[in-house]
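A.B. asks: This is the structure, below, for whatever I ask next.
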Amino acid sequence: MVTTGKPVALVTGGASGIGLACARHLARRGWTVVVADLDRGAVDATAAQLGDGHLGLEVDVTDGSQVDHLVAGVVDRFGRIDGAVNSAGVLGARLALAETPVDEWRRVMAVNADGVFLSLRAEINAMRAAGIRGAIVNVASIMGVVGSPLAAAYVASKHAVVGMTKAAAWEYAGDGIRINAVGPGYTDTPLLAHPMAERSAELAARHAFNRVAEPEEIASAIWFLLSEEARFITGAFLPVDGGFTAR
Ligand SMILES: NC(=O)c1ccc[n+]([C@@H]2O[C@H](COP(=O)([O-])OP(=O)(O)OC[C@H]3O[C@@H](n4cnc5c(N)ncnc54)[C@H](O)[C@@H]3O)[C@@H](O)[C@H]2O)c1
């Protein structure tokens with residue numbers, strides 16, 4: 001076991017976009033970061049970019065045994081998890097609800113809803129077992145509190161994330177574990193690469209700032225929620241959306 005004396009964070013979906021921005025932000029702020037993502041090469045490359053002492057681990061968050069194994073791996077290596085960011089997610093096909101094949105519905109729910117549930121469960125169990133008064137941030141979306149056409153599975157999965165965040169916050173407040181969610185507006189990441197290219201002006205106009213977010217702008221809000229500065233905040237849904245949901 002390596003004892004770094006620094007707080008340890010696990011970031012799922014940490015090899016790209018918002019998760020990657022979080023991993024960089026936390027590493028800059030003195031955390032030891034474990035990035036977890038689907039692809040071995042990508043997690044190794046990300047951990048190497050972060051510098052010495054950080055770690056990359058492969059995981060498919062839809063598989064509970066892989067998620068449990070991931071969290072056990074972090075605890076074996078560092079002895080603790082102080083913070084977690086559950087950012088792994090997929091967008092899903094642009095289809096009306098009545099046109100959505102069951103397989104597509106299940107694929108989106110498996111990553112975005114089951115994946116956050118399985119990650120949250122393992123992270124909470126690890127924190128409780130070690131007596132850590134940790135903090136967890138789930139990356140929901142503006143679509144966790146509003147609807148949008150052609151995205152029923154995505155919208156449902158993100159509402160599920162907001163709901164499980166609130167339920168878990170109540171259940172584990174007594175252990176000193178804070179659990180919150182952020183709701184990014186449209187953010188310039190690979191997730192949106194195609195839709196953005198075709199509809200960038202239209203998407204920008206849905207935000208009061210008339211632009212989409214940079215992943216770093218989401219990461220700094222997540223970092224705040226993980227930090228002691230947010231010690232009285234739990235069960236919150238924090239929109240980081242340039243005014244999108246204020247309209
Ligand atoms: N980009 C946006 O506009 C936006 C807006 C609101 C919310 N979000 C949410 O932010 C989170 C991160 O999205 P992003 O924009 O950074 O996208 P991204 O595609 O850049 O990153 C998502 C990461 O999740 C990983 N991932 C996907 N399925 C996985 C699985 N089964 N197991 C492990 N890892 C998996 C991908 O490999 C990828 O590295 C998602 O939950 C997304 O829904 C994004």
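The values are calculated or read from the model by the stated rules, or taken from the named source; none is laboratory data. Bear in mind that the values here come from a model prediction, so they are computed numbers and not experimental data. Note: ideal-geometry Cβ built from the backbone for every residue, glycine included; neighbour counts use all protein chains shown. Protein only, heavy atoms only, side chains kept; ligands, DNA and RNA dropped before computing areas. Shrake-Rupley method; radii C 1.70, N 1.55, O 1.52, S 1.80 Å.
A.B. asks: Could you check the range 10-33 and list, in sequence order, the residues that are open to solvent by 20 Å² or more (accessible area, probe 1.4 Å), more than 11 Å from the ligand (Cβ to nearest atom), over 14 Å from L225 (Cβ atoms) and of a type in the set (A, V, I, L, M, F, W, C)?
C.D. replies: Scanning the range 10-33 gives a single hit, A27.
A.B. asks: Here's another thing I want to ask about it. How about the range 55-66: which of its residues are more than 9 Å from the ligand (Cβ to nearest atom), more than 12 Å from V11 (Cα to Cα) and touching a residue at least 24 places away in the same chain (Cβ under 8 Å)?
C.D. replies: G64
A.B. asks: Return the total of residues in the range 67-94 being among the hydroxyl-bearing types (S, T, Y) and more than 14 Å from S157 (Cβ to Cβ).
C.D. replies: Total meeting the criteria: 0.
A.B. asks: Would you check if R178 is within 14 Å of the ligand (Cβ to nearest atom), charged (D, E, K, R) and out of contact with any Asp or Glu (no Cβ under 9 Å at 6 or more places or on another chain)?
C.D. replies: On the way: within 14 Å of the ligand (Cβ to nearest atom): no; charged (D, E, K, R): yes; out of contact with any Asp or Glu (no Cβ under 9 Å at 6 or more places or on another chain): yes.
When the stated conditions are applied, R178 does not pass them.
A.B. asks: Next up: Of all residues in the range 91-144, which are away from the ligand (no atom under 16 Å from the Cβ) and either in contact (Cβ under 8 Å) with a residue 60 or more places away in the chain or aromatic (F, W, Y) (or both)? Even if it seems obvious, please write down each step before you answer.
C.D. replies: Filtering the range 91-144 for residues away from the ligand (no atom under 16 Å from the Cβ) gives 95-102, 124-135.
Answer for the range 91-144, where residues must be away from the ligand (no atom under 16 Å from the Cβ) and either in contact (Cβ under 8 Å) with a residue 60 or more places away in the chain or aromatic (F, W, Y) (or both): just A135.
A.B. asks: Name the residue that is nearest to S87 (Cα to Cα), counting only residues in the range 164-200 that are in a loop (DSSP other than H, G, I, E, B) and open to solvent by less than 60 Å² (accessible area, probe 1.4 Å). Quick ask: steps written out before the conclusion?
C.D. replies: We begin by selecting, within the range 164-200, every residue in a loop (DSSP other than H, G, I, E, B); these are 176-177, 185-186, 188-189.
Those left that are additionally open to solvent by less than 60 Å² (accessible area, probe 1.4 Å): 176-177, 185-186, 189.
On the way: G176: 22, I177: 18, G185: 14, Y186: 14, T189: 12 Å.
By that ranking, first place goes to T189.
A.B. asks: Among the listed residues D63, D44, D76, D39, identify the single one that is acidic (D, E) and crowded, with 16+ Cβ neighbours inside 10 Å.
C.D. replies: Only one candidate qualifies: D44.
A.B. asks: Let me ask something else about it. All but one of (1) crowded, with 20+ Cβ neighbours inside 10 Å; (2) more than 13 Å from the ligand (Cβ to nearest atom) hold for A205; state the number of the condition that does not hold.
C.D. replies: (1)
A.B. asks: Given the structure, is V155 touching a strand residue (DSSP E or B) at 6+ places or on another chain (Cβ under 6 Å), closer than 23 Å to A96 by Cβ and assigned to a helix (DSSP H, G or I)? Quick ask: steps written out before the conclusion?
C.D. replies: On the way: touching a strand residue (DSSP E or B) at 6+ places or on another chain (Cβ under 6 Å): no; closer than 23 Å to A96 by Cβ: yes; assigned to a helix (DSSP H, G or I): yes.
Criteria not met by V155.
A.B. asks: Select from the range 205-247 the residues that are in contact with a Cys (Cβ under 7 Å, 6 or more places away or on another chain) and within 18 Å of Y172 (Cβ to Cβ) and list them in ascending order.
C.D. replies: None; the set is empty.
A.B. asks: Oh, and also: Go through (1) near the ligand (Cβ under 8 Å from one of its atoms); (2) at pLDDT below 95 for T4 and report which single condition fails.
C.D. replies: (1)
A.B. asks: On to the next question. Going through N112, N125, N138 one at a time, which residue ends up being outside any helix (DSSP H, G or I) and among the polar types (S, T, N, Q)? Break it down stepwise before answering.
C.D. replies: Working: N112 fails: outside any helix (DSSP H, G or I); N125 fails: outside any helix (DSSP H, G or I).
Every option except N138 fails the conditions.
A.B. asks: When you scan the range 98-106, do you find a residue that is among the hydrophobic types (A, V, I, L, M, F, W, C), within 30 Å of A156 (Cα to Cα) and surrounded by fewer than 16 Cβ atoms within 10 Å (Cβ to Cβ), even just one?
C.D. replies: yes
A.B. asks: Go through the range 212-236 and give me each residue that's farther than 20 Å from L10 by Cα, within 12 Å of the ligand (Cβ to nearest atom) and open to solvent by 30 Å² or more (accessible area, probe 1.4 Å).
C.D. replies: E214
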